[in-house]
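The values are calculated or read from the model by the stated rules, or taken from the named source; none is laboratory data. For clarity, every value in this text was computed on a predicted model and none was experimentally measured. Every residue, glycine among them, receives a Cβ derived from its backbone with ideal geometry; neighbour counts consider all protein chains shown. Calculation scope for accessible area: heavy atoms of the full protein, side chains included, ligands and nucleic acids excluded. Shrake-Rupley method; radii C 1.70, N 1.55, O 1.52, S 1.80 Å.
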Amino acid sequence: MFTIGQLSVATGVPTSTIRFWERRDLLRPAARSGGQRRYTEDALSQVGMLRLCQDAGFTLAEIQDLVTKQQTDQFRWRELVDAKMVTITESLRKLNKARDLLTHALECEHEDITQCPLFQAAVQHRSGAVTASGRS
């Protein structure tokens, strides 16, 4: 059995976060002994799963929904994962576009980036301005 401090050290998660997860029903409530929370080895896996879900981009509300869906229907959680994949794919698209723009800015031959035709076209596109061909 672990105390909350020992669980914190073992997982690298602050005790305040562990308590917060308990209040949100994301971490199974621990037994108490002498007024102190006690955790079993299973708590290590639970914390690992919570951290892994956060690393995958899930919010705490989404993680709670995942846990609930997993308990009620072991296949419905896939819908949540599919939805997160759509969100992450869109985020990656935007990040790749940002990286390409920044790379161009660093490699551009124009001393003043605002004079670069590619930069000007990107600004015009983002402003919603209509081009001569009638498209924005």
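What to note about this one:
- Test: residue in the range 17-40 that is β-branched (Val, Ile, Thr) and assigned to a helix (DSSP H, G or I): yes
- Residue match in the range 42-54 (condition: surrounded by 13 or more Cβ atoms within 10 Å (Cβ to Cβ), within 21 Å of Ser16 (Cα to Cα) and among the small types (Gly, Ala, Ser)): yes
- Residue that is surrounded by the fewest Cβ atoms within 10 Å (Cβ to Cβ), among those in the range 1-41 that are under 28 Å from Lys84 (Cβ atoms) and among the charged types (D, E, K, R): Arg23
- Within the range 60-100, the set of residues being touching a residue at least 40 places away in the same chain (Cβ under 8 Å) and of a type in the set (S, T, N, Q) comprises Gln64 only.
- Criterion violated by Gly128 - all others in (1) closer than 24 Å to Leu52 by Cβ; (2) open to solvent by less than 80 Å² (accessible area, probe 1.4 Å); (3) not charged (D, E, K, R) satisfied: (1)
- Filter pass, Lys84 being open to solvent by less than 90 Å² (accessible area, probe 1.4 Å) and either assigned to a helix (DSSP H, G or I) or among the charged types (D, E, K, R) (or both): yes
- In the range 55-75, the qualifying residues are those that are assigned to a helix (DSSP H, G or I), of a type in the set (D, E, K, R) and open to solvent by 50 Å² or more (accessible area, probe 1.4 Å), and the one that is farthest from Trp21 (Cα to Cα) is Asp55.
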